[in-house]
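Heads up, the thing below is written out as structure tokens.
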Amino acid sequence: MSFQYPWLLVLLPLCFIPFWLKGRQGTLYSWIAMLPQDRISRLMDNGLKVLMTALLLSILLALAHPHGPEKVVQRVGKGAQIALVIDRSVSMDHPFAGDVSSGSAGEIKSTAARRLITKFIDSRPDDMMGVVGFSNSALYSVKITNNRAAIHAAINAATSPSLNQTNIGSGLTKGITLFDNIDSTGSRAIILLSDGAGKLSPRVKATLQATLKKNHLALYWIVLRQPDDVSIFSKNEYDEDRVPTAIALDRYFKSLNIPYQAYEADNPDTLQSAIQDIGKRENKPIRYPITIPGRNFSQDFAVLALVLGCLILLLKNLRIYSWKNN
């Protein structure tokens, strides 16, 4: 058994105060030798001290929050180990193009991403997920875990605005490191969500090429684009020095010889379709550890203290405080 607040145990000696203090009746007798021996009263007095000590001890242990050892068990399900690498640039707070005929803007891209990713997470209870946000650099959010509360909090943080830059290389390299100390138990993937691209340095390219294959990772890139943006699926021919950054990045990802799939989303519906397609692809048997916390005994000691307190009150009312003359 361990304690959440072990420093409270230094107060243990105070629990024996009932044995150190001597009580005195309110009535004085000039000569007690005339009184008969009352063994029952002595036993009750000592028993009352024991109960008082037990009461104080129960209260102290309840405050110290004792709990048993935690257990780690293996769970089998269907899903994947996924690292979500999410663009946090200011442009993610711009709306989708919306319906031109109605003259209204579409949903904010970061809001749509938060809503749909949250739905994706809730629909896959067996997944282990980690989250990395990035703008001008990677902003670590949460390691790969099955703790849904931590994942949701990280998604909320990763879909909030940041700086006006999109450093995809930094986000990806940080996302890959989330798999370093995690045993591979099945499908593993990185989902990159951004509304832009950027040039990767030779050093970053070499790092990605080595680590993506080493960790057996699949890569999915969802591009949130505006209607006037260049499509990564464009068949247009470009001079080597004038290839749009998005197309160049897509070509680089294809050259890595890893499972790779790119998507374009220009509204919430196409974004949802992309996420659903990834969900179908990454849905294989997976084994992952679950940490079961040890039992918390605080409530048990609190109930014991309540019972002892009621018993002490009952015994106190059975005491005879003085002899009455007939």
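The values are calculated or read from the model by the stated rules, or taken from the named source; none is laboratory data. Computed from a prediction, not measured in an experiment: that's the story for all the values here. Cβ placement follows ideal geometry from the backbone for every residue including glycine, while neighbour counts extend to all protein chains displayed.
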Query raised in the report: Does at least one position in the stretch 245-259 carry a residue that is assigned by TED's automatic domain parsing to the domain that holds ARG188, under 22 Å from LEU178 (Cα atoms), touching a residue at least 40 places away in the same chain (Cβ under 8 Å) and polar (S, T, N, Q)?
Result: yes
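Would you confirm, using the coordinates I've provided, whether VAL100 is β-branched (Val, Ile, Thr), at pLDDT below 90 and in the same structural domain as ASN156 (by TED's automatic domain parsing)?
Numbers: β-branched (Val, Ile, Thr): yes; at pLDDT below 90: yes; in the same structural domain as ASN156 (by TED's automatic domain parsing): yes.
For VAL100, the condition - β-branched (Val, Ile, Thr), at pLDDT below 90 and in the same structural domain as ASN156 (by TED's automatic domain parsing) - is met.
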Query raised in the report: Which residues, counting only those in the stretch 216-257, are within 22 Å of ARG203 (Cβ to Cβ) and among the charged types (D, E, K, R)?
Result: GLU240, ASP241, ASP250, ARG251, LYS254
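Which is under 30 Å from SER184 (Cα atoms) and surrounded by 13 or more Cβ atoms within 10 Å (Cβ to Cβ), of ASP277, ASP229? Reasoning before the result, please.
On the way: ASP229 fails: under 30 Å from SER184 (Cα atoms).
When all the criteria are applied, what remains is ASP277.
This table checks each residue for (1) assigned to a helix (DSSP H, G or I); (2) at pLDDT 85 or above; (3) among the aliphatic types (A, V, I, L, M); (4) within 27 Å of PHE120 (Cα to Cα).
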residue: ARG251; (1), (2), (3), (4): yes, yes, no, no
residue: ILE258; (1), (2), (3), (4): no, yes, yes, yes
residue: TYR263; (1), (2), (3), (4): no, yes, no, yes
residue: SER273; (1), (2), (3), (4): yes, yes, no, yes
residue: GLN276; (1), (2), (3), (4): yes, yes, no, yes
residue: GLY294; (1), (2), (3), (4): no, no, no, no
residue: PHE301; (1), (2), (3), (4): yes, yes, no, no
Query raised in the report: If you check ILE155 against the conditions, is it at pLDDT 85 or above and under 17 Å from the mean Cα position of the chain (by Cα)?
Result: yes
